[in-house]
Amino acid sequence: MTIDECKDLEKPFVENAKIVDCENEDGSIWMVLLSTCVAVCGSFEFGSCVGYSAPTQSQIRNDLNLTLAEYSMFGSIITIGAMIGAVTSGRIADFIGRKGAMRMSAIFCITGWLAGTLVLDMGRFLTGYGIGIFSYVVPVYIAEIAPKNLRGGLTTINQLMIVCGSSAAYLLGTIITWRNLALTGILPCTFLLVGLLFIPESPRWLAKVGLEKEFEVALRKLRGKDADVTREAAEIQAYVDTLQSLPNTQIFDLFGSKYIRSVIIGVGLMVFQQFVGINGIGFYARQTFESAGLSNSNIGTIAYAVVQVPITILGAFLMDRSGRRPLLMVSATGTFVGCFLTGASFYLKGNDFEWVPILAVSGVLVYISAFSIGMGAVPWVIMSEIFPIHVKSAAGSLVVLVNWLGAWAVSYTFGFLMAWTSTGTFMLYAGFSVLTILFVAKVVPETKGKTLEEIQAIINS
């Protein structure tokens, strides 16, 4: 199939977007903010799905008489769906556009939530597939529409809304039944589907598929009718023209010398993001507090949910001020301290000290605060910045696949590891935090304040 034939196939999928985009060419930075707000409804949905299992564990196990192994499968099967979503996310986003991919993801998530009230594992799998696509396309869309001076902060809103969605699920799960909590997951998808009618497609994607008029209209809507977009449009078009002359890239091509450093950075960050233990601690927060001897686990769960939001906002504020690398290293240092304190609390639990549960809660709160300020958001921001557009679909799929594979490994094994050695579990995660610091110091470049094209020049130098 020729390139022109592929473009002809892609055009019907953006026909509706063309109508909307051509009706009104007026715009400003407010359109960037609106587009970001609409896109991160997918991030909120992501958080709702991930946070669902933590507050509902006792209810679901009691209502359905599930064993620990059965509930571990339910809690982790979302990551299996997400892995499949990750494998297909890049190609889907390239073929039907960033907006089309978000629309498709929302439909899968709605179907999953409705099915989940009847067929538990199937519903969880479908929502997993949806958020697997969201996890790639949302940060990529935001990075492609944002001016370079705002890109880091706006992309961090992705992580902020994941945290908000997770926190909302934690809080609502303490007051409503698990079936009703599943139905609330439909709301973010509904807002997303409506909002997509009013925002432009990614200009970079439009340029890539040869829709030149729509590309110019979308860029002007995002930058404002009085803004001079000539230089930016020329840079994007020249970059895309260069990339179009290159052959299509498959996942195995990424391991050649040309792209291997970007792959090491992207894959490495996702591995360390997961193996510091976030999806084990997050999925089973209530179980952790109960195991540590906290008399009312709801208190710990609510504190866990509430503390993430302001810290993530702080991280977004610092993203384009302190830079990506310092945030990552401070964050990994904090996750080490949090894991060490929590592990120590389990080690001391047998001594019947009254303050041991407080130490456990403090350790978990230090951990989630540290994770939220950097390790949660920065890897996704860097992932959206380090790959050239012609390999972004294949590379993004690989990186997100690795992320979800790590999430599955951590979430599935957490319960068994805790039953074997609670102290050792948290010390293991502390060890990975130390390795994260070393990896960032030696391998990860600073991308703050640089265009996507400048970042490629740094990586390839």
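Taken as a whole, the structure leaves E385 outside the set of residues that are of a type in the set (D, E, K, R), free of Cβ contacts under 8 Å to residues at least 40 places away in the same chain and assigned to a helix (DSSP H, G or I). Scanning the range 144-189 for residues that are free of Cβ contacts under 8 Å to residues at least 12 places away in the same chain and among the polar types (S, T, N, Q) yields a single hit, N180. For the range 271-301, which positions are in a helix (DSSP H, G or I), within 15 Å of G51 (Cα to Cα) and at pLDDT below 80? Once the filter is applied, which keeps residues that are in a helix (DSSP H, G or I), within 15 Å of G51 (Cα to Cα) and at pLDDT below 80, the range 271-301 yields G282, F283, A285, R286, Q287, T288, N298, G300, T301. A single member of G128, G132 is touching a residue at least 12 places away in the same chain (Cβ under 8 Å) and farther than 17 Å from A395 by Cβ, and it is G128. For first residues located in the range 104-115 and farther than 12 Å from T190 by Cα and without any contact (Cβ under 8 Å) to a residue 12 or more places away in the chain, partners that are assigned to a helix (DSSP H, G or I) and among the β-branched types (V, I, T) and lie 6+ apart or on another chain with Cβ distances below 9 Å form the pairs A115/T127.
Being among the aliphatic types (A, V, I, L, M) and within 20 Å of the chain's Cα centre (by Cα) is a property that does not hold for L438.
Looking at the range 39-53, is at least one residue at pLDDT below 80, in a helix (DSSP H, G or I) and in contact with a Lys or Arg (Cβ under 8 Å, 6 or more places away or on another chain)?
Filtering the range 39-53 down to residues at pLDDT below 80 leaves 53.
Then drop every residue that is not in a helix (DSSP H, G or I), which leaves 53.
Checking the rest, the ones that are also in contact with a Lys or Arg (Cβ under 8 Å, 6 or more places away or on another chain) come to none.
So far as the range 39-53 goes, no, none of its residues is at pLDDT below 80, in a helix (DSSP H, G or I) and in contact with a Lys or Arg (Cβ under 8 Å, 6 or more places away or on another chain).
Summed over the range 192-234, residues that are of a type in the set (S, T, N, Q) and modelled with pLDDT under 85 total 1.
Between A82, A69, the distinction of being touching a Gly at 6+ places or on another chain (Cβ under 7 Å), in a helix (DSSP H, G or I) and closer than 19 Å to F125 by Cα belongs to A82 only.
Criterion first (in a loop (DSSP other than H, G, I, E, B) and either of a type in the set (A, V, I, L, M, F, W, C) or in contact (Cβ under 8 Å) with a residue 12 or more places away in the chain (or both)) does F353 satisfy it? So F353 passes the test. Among the residues making up the range 429-445, those that are touching a residue at least 12 places away in the same chain (Cβ under 8 Å) and assigned to a helix (DSSP H, G or I) are Y429, A430, F432, S433, V434, L435, T436, I437, F439, V440, A441, V443.
For every residue, the table says whether it meets (1) within 12 Å of the chain's Cα centre (by Cα); (2) buried (at least 24 other Cβ atoms within 10 Å of the Cβ).
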position	(1), (2)
R124	no, yes
Y129	no, yes
K148	no, no
M161	yes, yes
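Matching residues to (1) in contact with a Lys or Arg (Cβ under 7 Å, 6 or more places away or on another chain); (2) at pLDDT below 90; (3) surrounded by fewer than 22 Cβ atoms within 10 Å (Cβ to Cβ):
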{"position": "L341", "(1), (2), (3)": "no, no, yes"}
{"position": "F346", "(1), (2), (3)": "no, yes, no"}
{"position": "N351", "(1), (2), (3)": "no, yes, yes"}
{"position": "E354", "(1), (2), (3)": "no, yes, yes"}
{"position": "Y367", "(1), (2), (3)": "no, no, no"}
{"position": "F371", "(1), (2), (3)": "no, no, no"}
{"position": "M383", "(1), (2), (3)": "no, yes, no"}
{"position": "V399", "(1), (2), (3)": "no, yes, no"}
{"position": "W404", "(1), (2), (3)": "no, yes, no"}
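For the range 137-152, the count of residues that are small (G, A, S), modelled with pLDDT under 90 and not in a loop (DSSP other than H, G, I, E, B) is nonzero.
Do you know which residues across the range 446-461 are outside any helix (DSSP H, G or I) and within 23 Å of the chain's Cα centre (by Cα)?
Filtering the range 446-461 down to residues outside any helix (DSSP H, G or I) leaves 446-451, 461.
Hits for the range 446-461 are E446, T447, K448, G449, K450, T451.
The values are calculated or read from the model by the stated rules, or taken from the named source; none is laboratory data. Just so it is clear, the structure is predicted and the values come from calculations on it, not from any experiment. In this analysis, Cβ positions are derived from the backbone assuming ideal geometry, glycine residues included, and neighbour counts consider all displayed protein chains.
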